[in-house]
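Since every read-out is calculated from the coordinates, none of them should be taken as a lab result. Please read these numbers as outputs of a predicted model, since none were measured by experiment. In this analysis, Cβ positions are derived from the backbone assuming ideal geometry, glycine residues included, and neighbour counts consider all displayed protein chains.
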Ligand SMILES: Nc1ncnc2c1ncn2[C@@H]1O[C@H](COP(=O)(O)OP(=O)(O)O)[C@@H](O)[C@H]1O
Ligand SMILES: [Mg+2]
């Protein structure tokens, strides 16, 4: 292995080196400082006589006398089933004091794209026990469904609740007789130690750690490492899912920190920035992470992703949530107002969406009336929300009886349907039956999105009267 | 993609530098846009810049691990597609490699690199039935025979446009592969079922004509208010989740085109899987055959190489033009053209070109208009008429239509279907904003609708537009004072508008019946709402209070016409109109 002491320039996270032998694009590099410390990096640009290297742990301590070794291979993740139960740092080294990891295989962390022809369309309902999700924005196996949140909001509580409660109903009764087990991969990027503890405590308390692999890049860890952490996590997830048959749930938090790291590298390379200073290739880059969710024809396992991001200034049009929403299969919105009203989880269903819901629900999957109930609640809640603005101006008395019913509906929807607490696990029957309690407040003829037979079966007349009384 | 056949000997080069999808090479003997094979693995790429001895190449595959010093080989031919029977019922990547063949060759569900495959099966035989005999004179573009390609489509074998033509000296009939000669001309030209065409060049035509026939879509708001012409262009911009993909897929399923080319450009993998799963199960509303029999899919999803995303729209439109040349009406959907524009931006920034607006290259507008110009209703060089309609989804960042891709697209296309986040949030689908959208084809298509659907189609439509306009104005007042403060006639207008929105404009793409609405039914639903309107205003004039008018039992049935099967709809509507009339008249 050739060693160079020909660093010409150090700038931000980048190091430029003169070379006299060709170096592969994306190859891994080790830089040894004069103090004998080893830093790792990756080739960003390779020309015949020089390369640009992006260091993962920052360039502090590197000088022109440091030596550079090119390892002749792209970045790999050692994978094995024994990773379950382990805690690793953001570069994949164990930090739990456990034994060395003996890999089965070392896999390229830049995964290859799944051939669209080889995918299996995701349609297995995952019951999260959270009504705002199960009832209104159903998650299915193999989906990528991010949580869009804001700083200081309880997105972690929701993510943990999902990780604890997620089941696939038939399997619940039948046991895991298809031999597939559930695993959680947790990839932390730039979160605080406190947040990290929140996750770890919960994993330990519930015994979930045994079936989890944790990758930790904390707020004070190198920012550039954050571009590697999710790739290590997803490589592990793909291995467990498509080689070992696990149903893997990947939680990535916080994607905002990941994107900030991308921006930092872009700026250091003096690239032409895209919108708001983020690189023009951020869509492609994010897609290469998010598209690693899914199911494959003929394979037992699945990769389901729940990335979490905090929207800068709660702005959904900011490039990070915007590009994410263009790639993921929906989004769950955490809402500041609902949170201050004490709604747990404070999910605003109106801007939330699960694009894969329609194929995962209905007769034989959840229940025949599910689609209709959800559509009807959406329409009614949206109408109630509109009326709230009006009430502020004209007062309740100026509204018709019909309008008042919609206002009451919106209130009760938040208080009874969305509100449930982080420890309540509702099955889909319960969620739908709360839905019908609420819909029964509205006049029967207003229910134009539900089939007649369902109205016959589930609508209760007295609810409408109680409200009138 | 096409396997280059030209065999001029060209000099091989050596890689000088690698930066993501952009590679430079020294000493390469290649022309602009030539296809080259890069590195030891032979990754496919295209020449995009030549400066002195340095050639810049965009590579259609991942370049991890590729290093300077590796060889580059030129094919001496531009990026071309294979055209011939077998394109329908296929799914390709952005450079026309069949994805099913790749799966088989790679033996994996994951896309490996350096694997190539022709766009059409070279081994398969097709039944060729000649349309010419020995001694006939044929010119370039002429149809010389027919091949039953799918249950829906007879594939026309044509003299390639770059042939001279001449007298037929021999004709075959029977089963042949696409590379075997089926017709020979006196000047030595040999015609096979397969031809090649460079994707960045429009296939020649005689004349572009003014479109006068609608591409009916089975979507009420489109056919009813903002129709697209066969040979027309349309854009569907909207933020994420507003319904671009559902709209594109509905058009691909139900539009009355002969051929559909559906391009998933830089979007989700699962959306393509959905099409692959659904289309074979669905009948084409025109022929009753399964939808794949008229469909060619191109999938270059967001995680697939970005350079191939740039080329996939060209691959698609070249295939579309080929079927147009046979005299077919082709509809092409590109979801999403913004991803194509972003791919241009990504490559351009790697080339360190001077950026234009928002980092897009200065040639963005030119590329977009060149592409949309390939749409149209044409007289072909063989005398047939055919059309290519292009419908492009646009994904504006933050849903803001003032950005360059949306704005440059709107300057070109004649139909604008504006999707609206607010409507989508309240699950009003399709979330097409009826105030902002427009179709410049409306007037030229009216004669078709009056001849084929109903005499008073334009008047009924105008009535609906007027009511919706009035509702828009009234809503502004309602926001300030509440509905009950309005006079009764205006309250009634609001009710009528509510039915227009709920029963007519809204259409559930997920409902087995509602997802497709023939123009006749679109007209009937509107008629039923109009009947209610007229009878209701009569009742109001006779002193019946609005509350009583809107409380009649039959009214909610208006919302159920859409989900009533097409063959029962007419009767359902007739009965409903009678009931509404009777109930309302009994009130005074
Ligand atoms: N016509 C429609 N009928 C019913 N649902 C629709 C319709 N159009 C859109 N939707 C809903 O909206 C969601 C997002 O639509 P999609 O076309 O994927 O949006 P986009 O491509 O603009 O991001 C779909 O998953 C579906 O639930
Ligand atoms: Mg879409």
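Taking the Cα-to-Cβ direction at residue A:300 and at residue B:212 and moving 7 Å from each Cα, how far apart do the two end points lie in nm?
A separation of 6.6 nm, rounded to one decimal place.
Taking beta carbons within 10 Å but only from partner chains, what does the mean come to for residues B:94-104?
Per-residue shielding by partner chains comes out at 2.
Given a Förster distance of 56 Å, report the FRET efficiency between residue A:198 and residue B:201 from their Cβ-Cβ distance, rounded to the nearest 0.05.
On the way: r = 59 Å, r/R0 = 1.06.
Efficiency computed from Cβ-Cβ geometry: 0.40.
Quote to one decimal, in nm, the extra length available between residue A:3 and residue A:425 on full extension: 0.36 nm per residue of separation minus the C-alpha distance between them. Intermediate results must be reported in sequence, preceding the final value.
Details: separation 422, 0.36 × 422 = 151.92 nm, distance 5.79 nm.
Length gained, residue A:3 through residue A:425: 146.1 nm.
When the chain is fully extended, how far beyond the present Cα-Cα distance does residue B:123 get from residue B:31, taking 0.36 nm per residue of separation?
The span from residue B:123 to residue B:31 would gain 30.0 nm if fully extended.
Quick one: what does P(r) look like for the protein assembly as shown with 10 Å bins over all Cα pairs, in whole %?
Reading the bins upward from 0: 2, 10, 18, 22, 20, 14, 8, 4, 1, 0.
Quick one: grab Rg to one decimal and Dmax as a whole number for the range A:45-181, Cα atoms only, in Å.
Computed over the Cα atoms of the range A:45-181, radius of gyration and Dmax are 21.3, 65 Å.
Summarise the long-distance tail of P(r) for chain B by giving the % of C-alpha pairs beyond 30 Å.
On the way: 97920 of 172578 pairs.
Value for chain B (Cα pairs over 30 Å): 57 percent.
Would you kindly state how much longer the chain becomes between residue A:313 and residue A:206 on full extension, computed as 0.36 nm times their sequence separation minus their alpha carbon distance, in nm to one decimal?
Numbers: separation 107, 0.36 × 107 = 38.52 nm, distance 3.38 nm.
Using 0.36 nm per residue and subtracting the Cα-Cα distance, I get 35.1 nm.
Can you give the angle from 0 to 90° between the axis of helix A:370-394 and the longest principal axis of chain A, with both taken from C-alpha atoms, to the nearest 10?
Value to nearest ten degrees: 80.
Give the order of B:40, A:370 when sorted by the count of other beta carbons within 10 angstrom, beginning with the fewest.
Values: B:40 12, A:370 26.
Taking fewest neighbouring Cβ atoms as first place, the list is B:40, A:370.
For a test of the definition: using alpha carbon positions, the gyration tensor, and the 1.5 limit on a/c, classify the range A:77-358 as rounded, prolate or oblate. It would help to have the intermediate numbers written out before the result.
On the way: a/c = 1.31, a/b = 1.08, b/c = 1.21.
It is rounded, given that a/c, with a ≥ b ≥ c, falls under 1.5.
For B:105-116, what's the mean count of beta carbons from other chains sitting within 10 Å of each residue's beta carbon?
Details: counts 0, 3, 0, 6, 15, 9, 7, 3, 1, 0, 0, 0.
Counting Cβ atoms of other protein chains within 10 Å of each residue's Cβ and averaging gives 4.
I'd like the FRET efficiency for residue A:105 and residue A:181, computed as 1/(1 + (r/R0)^6) with the beta carbon distance as r and R0 of 22 Å, rounded to 0.05. Kindly include the intermediate steps, with their values, before the conclusion.
On the way: r = 20 Å, r/R0 = 0.89.
Calculated value: 0.65.
If I fit a long axis through the Cα atoms of helix B:442-452 and take the longest principal axis of the Cα atoms of chain B, what angle between them do I get, 0 to 90°, rounded to 10?
70
If each residue's Cβ is checked for other Cβ atoms within 10 Å, how do B:91, A:306 rank with the fewest at the top?
B:91, A:306
With each label point set 7 Å from Cα along the Cα-Cβ vector, what nm distance links residue A:49 and residue A:64?
That separation, rounded to one decimal, is 1.7 nm.
For the Cα atoms of chain B, what angle does the longest principal axis make with the long axis of helix B:519-541, in degrees from 0 to 90, nearest 10?
20
Relative contact order for chain B: what is it in percent, counting Cα pairs under 8 Å that are at least 6 residues apart?
Numbers: 1296 pairs, mean separation 73.6, N = 588.
It comes to 13 percent, rounded to a whole number.
Alpha carbon centre of the range B:520-544 versus the range B:213-282: separation in Å?
For the range B:520-544 versus the range B:213-282, the Cα centre distance is 32 Å.
What is the order of B:417, B:457, fewest Cβ neighbours within 10 Å to most? Don't skip to the end; give the middle numbers.
Values: B:417 29, B:457 23.
Ranking B:417, B:457 by Cβ neighbours within 10 Å, fewest first, gives B:457, B:417.
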